[in-house]
Amino acid sequence: MDKQRISYVPLERMDEAMRAEMERCAREGTPRPESSAVRAHVPACFWFFARSWAAIFRRGVCDHEIKELCRVYISRSVNCEYCGNQRSVQAKSAGLTEGKYDELLNFESSAAYDEREKAALAYAEAIAWRLPTDDAFWERMYQHFTEPELVELGCFIGLTFGQQSWLRMLNIGHHQVMAGTAASLAPGFETPQAMTTSMASDQYWAKR
């Protein structure tokens with residue numbers, strides 16, 4: 001891996017509340033502990049992300065599985081391997097299968113997604129790639145989502161797009177902070193050894 005650009009804040013330098021959130025990251029993931037340990041250099045940044053993520057990703061008015069698909073679509077759009085190799089345990093528990101991640105960048109032509117999922121991914125695509133959005137685009141959005149859902153989904157996509165665009169630059173990796181847990185890691189990334197093998201494969205998503 002390339003040189004890491006911003007260090008991790010050690011747990012012993014965090015207060016009790018921050019350590020509790022770090023333990024939640026290690027136990028539940030999404031986010032994993034490494035990105036949180038970077039944001040911990042500025043507690044306001046640490047809590048801004050943790051609270052926003054809890055409020056509009058893990059909870060909220062729009063279904064979590066839709067937001068998870070958009071999150072990983074953004075990962076693949078900006079090539080953030082750290083984020084792209086995480087999976088939401090909550091979304092998996094709700095029935096989101098690994099196969100749903102396979103065709104994200106070709107979602108419009110894929111039979112893997114229903115029309116609501118495709119509309120959400122088109123929303124993420126338009127935000128990420130700054131595409132024009134005409135009346136037909138917005139008619140499509142309103143066919144599948146309420147205004148509160150569109151607001152939450154737009155804010156969430158903006159949040160994850162900004163964070164992932166930044167995190168991809170830092171060269172952080174899994175199993176580096178509070179190691180020993182595989183919480184929310186994608187299949188093939190559960191251990192450092194498995195991760196190395198998966199990332200070396202010609203089928204690894206970031207190489208395709």
Of all residues in region 82-104, how many are outside any helix (DSSP H, G or I) and touching a Pro at 6+ places or on another chain (Cβ under 9 Å)? 2
Would you please list the contacts, defined by Cβ atoms under 9 Å and residues six or more apart or on different chains, that run from a residue in region 88-104 that is within 17 Å of residue 120 (Cα to Cα) and among the charged types (D, E, K, R) to a residue that is loosely packed, with under 15 Cβ neighbours inside 10 Å and at pLDDT 95 or above? 103/109; 103/111
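Residues checked against (1) free of Cβ contacts under 8 Å to residues at least 24 places away in the same chain; (2) on the phi < 0 side of the Ramachandran plot:
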residue: 12; (1), (2): yes, yes
residue: 19; (1), (2): yes, yes
residue: 30; (1), (2): no, no
residue: 44; (1), (2): yes, yes
residue: 50; (1), (2): no, yes
residue: 64; (1), (2): no, yes
residue: 82; (1), (2): no, yes
Please identify the pairs in which a residue from region 163-192 that is within 26 Å of residue 100 (Cβ to Cβ) and free of Cβ contacts under 8 Å to residues at least 24 places away in the same chain has its Cβ atom under 6 Å from the Cβ atom of a residue that is part of a helix (DSSP H, G or I) and not charged (D, E, K, R), counting only partners at least 6 apart or on another chain. 175/192; 188/194; 188/198
Subset of region 68-94 (residues that are touching an Asp or Glu at 6+ places or on another chain (Cβ under 9 Å), under 9 Å from residue 104 (Cβ atoms) and either hydroxyl-bearing (Ser, Thr, Tyr) or surrounded by fewer than 21 Cβ atoms within 10 Å (Cβ to Cβ) (or both)): 73, 75, 77
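Residues to consider are 191, 146; find the one that is of a type in the set (Val, Ile, Thr), at pLDDT 95 or above and either touching a strand residue (DSSP E or B) at 6+ places or on another chain (Cβ under 8 Å) or exposed (fewer than 14 other Cβ atoms within 10 Å of the Cβ) (or both). Walk me through it before giving the result.
Values: 191 fails: either touching a strand residue (DSSP E or B) at 6+ places or on another chain (Cβ under 8 Å) or exposed (fewer than 14 other Cβ atoms within 10 Å of the Cβ) (or both).
On inspection, the qualifying residue turns out to be 146.
The values are calculated or read from the model by the stated rules, or taken from the named source; none is laboratory data. These figures come from a predicted structure and were not determined experimentally. In this analysis, Cβ positions are derived from the backbone assuming ideal geometry, glycine residues included, and neighbour counts consider all displayed protein chains.
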